[in-house]
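Novice: One structure, pasted below without further comment.
The values are calculated or read from the model by the stated rules, or taken from the named source; none is laboratory data. Keep in mind that this is a model prediction, so the values were computed, not measured. Glycine also receives a Cβ, built like all others from the backbone with ideal geometry; neighbour counts cover every protein chain displayed.
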Amino acid sequence: MHSSTNFKSTVRPILFLGLLLLATLAGGWLTNTNSAQAEITKGQTRKAFLSGSERSEQVLREIAQILKTMDGRLARLEKLAARPAP
């Protein structure tokens, strides 16, 4: 009787660990998915890929700003030239 109790006390923990290992493997196998998750972000529009009218508008705005600066400088030069010499 003592030997059967010893056998049961040895087999039960081994059987429990085996079942636990089997449950862990089965759970990992069942939850394994072959899919990937990704976030889609919208990138910035590159200047090289702007259409002709969009590029033209930006260039014309830059030219207009340069012309305004030049006009202001020319107006100051004209005022200096219009002053009488001392």
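Novice: Based on this model, can you work out whether Ala81 counts as of a type in the set (Gly, Ala, Ser), modelled with pLDDT of 80 or more and surrounded by 10 or more Cβ atoms within 10 Å (Cβ to Cβ)?
Specialist: The answer is no for Ala81.
Novice: Being modelled with pLDDT of 80 or more and not hydrophobic (A, V, I, L, M, F, W, C) is the filter here, so list the residues in the range 40-67 that pass it.
Specialist: Residues satisfying the conditions are Ser56, Glu57, Gln58, Arg61, Glu62, Gln65.
Novice: Of the numbered conditions (1) among the hydroxyl-bearing types (Ser, Thr, Tyr); (2) under 38 Å from the mean Cα position of the chain (by Cα); (3) at pLDDT below 70, Thr24 satisfies every one except a single condition; which is it?
Specialist: Result: Thr24 passes all but (3).
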